[in-house]
Amino acid sequence: MLSVKGLRANVGDKEILRGLDLEVGPGEVHAIMGPNGSGKSTFAHVLSGREGYEVTSGSATFEGKDLLVLEPEERAQLGLFLAFQYPVELSGVNNTYFLKAALNSIRKARGEEELDAVSFLRLIKDKLKILHLDDSLLKRAVNAGFSGGEKKRNEIFQMALLEPKLAILDETDSGLDIDALRVVADGVNALRSPERSMIVVTHYQRLLDYIQPDYVHVLAKGQIIRSGGKELALELEEKGYGWIEAEGRAA
Amino acid sequence: MTSTQAVDDIVKSEYEHGFTTEIESDTLPPGLDEDVVRAISKRKGEPEFMTELRLKAYRHWLTMTEPEWPAVDYPKIDFQAISYFSAPKRPEDAPKSLDEIDPALLETYNKLGIPIEEQKALAGIAVDAVFDSVSVATTFRETLAEAGVIFCSISEAVHDCPELIRQYMGSVVPHTDNYYAALNAAVFSDGTFVYVPKGVRCPMELSTYFRINARNTGQFERTLIVAEEGSYVSYLEGCTAPQRDENQLHAAVVELIALEGAEIKYSTVQNWYPGDEQGKGGIYNFVTKRGDCRGARSKISWTQVETGSAITWKYPSCLLRGEDSVGEFYSVAVTKGRQQADTGTKMIHIGKGTRSTIVSKGISAGQGRQTYRGLVRIGQRAEGARNHTQCDSLLIGDRCTANTFPYIEVKHPSAQMEHEATTSKISDDELFYCRSRGLTEEDAVSMIVNGFCKEVFNELPMEFAVEAQKLLSISLEGAVG
Ligand SMILES: Nc1ncnc2c1ncn2[C@@H]1O[C@H](COP(=O)(O)OP(=O)(O)OP(=O)(O)O)[C@@H](O)[C@H]1O
Ligand SMILES: [Mg+2]
């Protein structure tokens, strides 16, 4: 589904991704862990097409298509979704209106019929329930004045609505209280399917208790330096990242 | 010699010069003098008081100098090169077919979903087809007549209700007010008159769009709206489709008068042709709009969406004379390409307990230049007056500019003034967030811009608001990047 090979990317003169490899198959959940500043968010941004990064070598394909030549909206229309580490506030833009426009834009690109207001509202009601979100958030401007936790839940709510093929969740767990973490994890699990893959970026093993990953990767200094099953996360929780990096240097 | 004699002599001398025959012909040669002013009045068959008013205005205009505005520049206008006679355009001068029209303009018409026949009319092509709106207009007129509302052209009003014209015309914007107002008072072509009798709530939104002769009112338009005690009227001016016009200079005058407890809501969506990419062929729009809250508890509300014109210079204002009267100004102005706009409002608080609200949203893209100039004056007797001003600018790209000049004069210590101003840019983060959800860059921009303008759009009548949103999106297409 997603195939990343030898990906190198700069911000300005600084190289952040230094030959990153990752293969994600259909229905798989991959967790990416790694120290602050190791390039996790950068990787997510490069995959979703944010400007400001220069890819110097390597490739990223999604269902066989070269992702890197596509506009961000084209990637979204193909079925890529990024839940932001820091969701952006759009003051003045009504949340419901935004979601409907986004969904219809994606549907249109896929040759599906656009939803009218009634069917859209029905759909939205169902999804709200899954995430235990208060519908008053829908009447407000996108993320404007939302609490940290509300913003994160709103991201997953958007994901539930847009039904992507590959979702990248960038630290969706940070800032969530214990109950909210559960709700979000339940929401994510409800979306797991044999066709839908996920990349879950997190610092905490706790999330992975709820969202059980098929693979865990350690990203450090712009490279995946270790991959394993979910037991790797437990090991990291216990020992931190130092030992892998040390092993890497010794090898 | 008395002045009346002098005038008589001049009138006579006109005939000697065979002026009448010239009047009968279609168009006067360019240029402006007293003869031309008289000719206009005569051609319209105006009563003498009107001719006198025009001449007085003309003579005053001669003593004035053209204002120079630091924030806009344009080639000097040669007032002697303009033809002041509003004869119907001769078919041979008009473009023959849509092939002769700027393709960019046609594209916009198509995007707005305007039917071909109407496109031709807007583009100034002579058309024979009679629009549906003509028959609609007739029905509307009947409904209005039943309610006692007068809604007609200024020319008709001068004939049919001269006493109202005499009483009110020029009572809000006297010819001495400014250069363009003086010129307008001397040579105004036509315009709209609305009179709402005491206690009447006008049964429908009034729109020039529905007036048969509205399409060619020309460059010196004059509008007068009088709302008697306790009455209400909502008036819509303009049209979202970009209108082309042979006349580059437009100097309209709009006067609103609200008597005790009356309310006038005046909405404008202006989309004059801004010219091609170099700004060539664009309209210069110098308009004087003023509302007079003459009675206690009266209210005048201006709402405007300005996206067109090469140059816009306008300050819809309110004179708050009646006690507890209310003035409002809601504005969205867009400048893109090489457009320039210098707009704003004046709220003159004269009566006790008067209140005003100003919400101005400026959007600047490309190399657009935009200036907001607002004056709030609280007079000596305006005890307890209040003003709230909010002035926001949104910049798209980094070659455009926006300036804000709020002027405040307070002569009464009890006045409460609030002023908020913001300037923002559409950030890359916002755009990326929207795009990562599958929205195109253009959709994202229009969504953010519409959100920015929401407070103003909320003030527009429903159908107008929808059109205005669409218009804004189309105006800003390709503005980013
Ligand atoms: N626009 C930028 N300009 C300069 N440096 C940047 C920019 N974006 C990212 N970086 C740098 O790239 C490195 C990787 O950042 P990134 O946000 O990808 O880290 P991360 O792994 O997501 O960290 P965290 O766990 O703290 O979220 C950091 O050193 C960061 O400062
Ligand atoms: Mg990060």
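The values are calculated or read from the model by the stated rules, or taken from the named source; none is laboratory data. What you are looking at is a predicted structure, and each value in this text was computed from that prediction instead of being measured. No Cβ is skipped: glycine too gets one built from the backbone with ideal geometry, and neighbour counts run over all protein chains shown. Accessible surface areas use protein heavy atoms only, side chains included; no ligands, DNA or RNA. Shrake-Rupley method; radii C 1.70, N 1.55, O 1.52, S 1.80 Å.
Below are the figures for this structure:
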{"read-out": "Cα-based helix-to-principal-axis angle, A:95-109 vs chain A, degrees rounded to 10", "value": "70"}
{"read-out": "Nearby lysines by direct alpha-carbon distance to B:Lys454 (threshold 21 angstrom, same-chain neighbours under 8 apart not counted)", "value": "A:Lys100, A:Lys139, B:Lys265, B:Lys336, B:Lys361, B:Lys425, B:Lys470"}
{"read-out": "Segment A:80-134: equivalent-ellipsoid semi-axes (sqrt of 5 x gyration tensor eigenvalues, Cα, Å)", "value": "19, 16, 12"}
{"read-out": "Relative contact order (%) - segment B:327-481, alpha-carbon pairs under 8 angstrom, separation at least six", "value": "22"}
{"read-out": "Positive-end residue of A:Val216, A:Leu67, A:Gln205, charge dipole of segment A:2-250 with Cβ unit charges", "value": "A:Leu67"}
{"read-out": "Peptide B:443-452 - average C-beta neighbours from other chains (10 Å radius)", "value": "5"}
{"read-out": "With all protein chains modelled, accessible area of B:Glu442 [1.4 Å, Å²]", "value": "90"}
{"read-out": "Whether segment A:1-113 is rounded, prolate or oblate, judged on the alpha carbon gyration tensor where a/c under 1.5 counts as rounded", "value": "prolate"}
{"read-out": "Whole-angstrom gap from segment A:25-46 to segment B:413-456, using each part's C-alpha centre", "value": "31"}
{"read-out": "Segment B:390-461, relative contact order [Cα under 8 Å, separation at least 6], %", "value": "32"}
{"read-out": "Highest average packing first - A:241-247, B:360-366, Cβ atoms within 10 Å", "value": "B:360-366, A:241-247"}
{"read-out": "Simple Cβ-charge dipole of segment A:2-250, Lys/Arg +1 and Asp/Glu -1, about Cα centre, in debye nearest 20", "value": "220"}
{"read-out": "B:Glu205-A:Asp209 FRET efficiency (beta carbon distance; Förster radius 60 Å; 0.05 resolution)", "value": "0.45"}
{"read-out": "Packing rank of A:67-74, A:211-218, where each peptide gets the mean count of other beta carbons within 10 Å, highest leading", "value": "A:211-218, A:67-74"}
{"read-out": "Where B:Ser473, B:Ser331 fall by accessible area, highest first, once all protein chains stay in place (1.4 Å)", "value": "B:Ser473, B:Ser331"}
{"read-out": "Angle between chain A longest axis and helix A:178-190 axis [Cα atoms, degrees, rounded to 10]", "value": "80"}
{"read-out": "Segment A:83-110 and segment A:164-200: distance between their alpha carbon centers, rounded to Å", "value": "18"}
{"read-out": "Most mobile of A:Arg182, A:Arg50, A:Arg192 in a GNM of chain A (Cα contacts under 10 Å)", "value": "A:Arg50"}
{"read-out": "Rounded to 10°, Cα long-axis angle of helix A:117-130 versus longest principal axis of chain A", "value": "50"}
